[in-house]
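**Student:** My structure is below; once you've seen it, I'll send some questions.
Any read-out appearing in this document is the output of simple, stated calculations on the displayed coordinates, not a laboratory observation. Computed from a predicted structure; not experimentally measured. Here the Cβ is made from the backbone with ideal geometry for all residues, glycine too, and neighbour counts use every protein chain on show.
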Amino acid sequence: MASRSKLSGIQRQVLALYRGFLRTARLKSPEERHRIESVVSAEFRENARNIDRKNFVYIEYLLRRGKKQLEQLKDPDITGLSTLEINKVYKPLNLK
Amino acid sequence: MAAALSAVVSAKLGCPPAAALGSWKGSRISSRNLVSMKTMTARRGLVSLRSPRFRVCCAAKAETVGKVMQIVKQQLALGEEAKLAPESQFTELGADSLDTVEIVMALEEEFGITVEEDNAQSITTIQDAADLIDKLVAGGGGKPPAAA
């Protein structure tokens, strides 16, 4: 209980967004659901690891973006989601 | 009703006009009113005993706890041999807050319940989860998730 009640408002918002994505993923076909879950989970964990916890402006931007994406995903006509990993392509260039 | 009640109350306080009224109508009416007040308070006492708050503190069924443990193991990718206690905190088992959300979602699906946002925040141990699940299942909150 103690560790939970210490969560800040913005942390709660992030968790609520995550929960919203997982809930919406249930409505899609099983294999799409699995893909959505892994993409969303990877995205959240990646951001949790890499973003400074005090970078509120950026976190709030991501929250807004995530909420918009969630709204789109809730549309029954949208069956799935995919990601482009542009960073991977550019990495060799950055190293040089 | 209110007038009759005030008559009874003032009769109890011993005001002369009300006392006269009581003697004039006989004690039957005032005693009936007194009885009806008594039943009202008695019923309120019963309702509060049955209110959901009292059910929260009941220990969850052993099979619920077992099922919860199974799902937690699955979600956190712990081996079958991992020893879990009902008091184990998810954070002690290596779960972060995102894992906890996943655990709660998996439990919702398994038991066909919907956990509200603020309840979901307060689940930190297997016992918490099992208690809440038993409460929701007993409260008729159980709906097949397919309906969602």
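**Student:** Mind listing the phi-derived Karplus ³J(HN,Hα) values for segment B:80-95, rounded to whole Hz, using 6.51, -1.76 and 1.60 with θ = phi - 60°, and x for any glycine or proline?
**Tutor:** For segment B:80-95, the Karplus curve yields 4, 7, 4, 8, 10, 10, x, 8, 4, 7, 4, 5, 5, 7, x, 8 Hz.
**Student:** Estimate the FRET efficiency between B:Glu63 and B:Ala106 by the formula 1/(1 + (r/R0)^6), using the beta-carbon distance for r and 25 Å for R0, to the nearest 0.05.
**Tutor:** About 0.90, to the nearest 0.05.
**Student:** Let me ask something additional. Taking the mean number of other Cβ atoms within 10 Å as a proxy for protection, how do you rank A:66-76, B:125-135 from highest to lowest?
**Tutor:** B:125-135, A:66-76
**Student:** Please work out the Cα center distance from segment B:86-126 to segment A:19-34, rounded to the nearest Å.
**Tutor:** About 18 Å separates the Cα centre of segment B:86-126 from the one of segment A:19-34.
**Student:** Let me ask something else about it. Lys and Arg at +1, Asp and Glu at -1: add these up for the other residues within a Cβ distance under 11 Å of A:Ile10 and post the number.
**Tutor:** Summing Lys and Arg as +1 and Asp and Glu as -1 gives +2.
**Student:** Quote the relative contact order of segment B:56-147 in percent (integer), defining contacts as alpha-carbon pairs under 8 Å separated by 6+ residues.
**Tutor:** Here the relative contact order equals 40 percent.
**Student:** Within a 10 angstrom radius of the beta carbon, how do A:Arg19, A:Arg12, A:Arg49 rank from fewest other beta carbons to most?
**Tutor:** By the 10 Å Cβ count, ascending: A:Arg49, A:Arg12, A:Arg19.
**Student:** Continuing with the same structure: So if I average 1/r over every pair of distinct C-alpha atoms in segment A:1-81 and take the inverse, what Kirkwood radius in Å does that give? Could the numbers behind the result be given before it?
**Tutor:** Numbers: mean 1/r = 0.0739 Å⁻¹.
About 13.5 Å, per the Kirkwood formula over Cα pairs.
**Student:** Give the calculated FRET efficiency between B:Glu80 and A:Arg33 to the nearest 0.05, with a Förster radius of 25 Å applied to their Cβ-Cβ distance.
**Tutor:** Given R0 = 25 Å and the Cβ-Cβ separation, E is 0.45.
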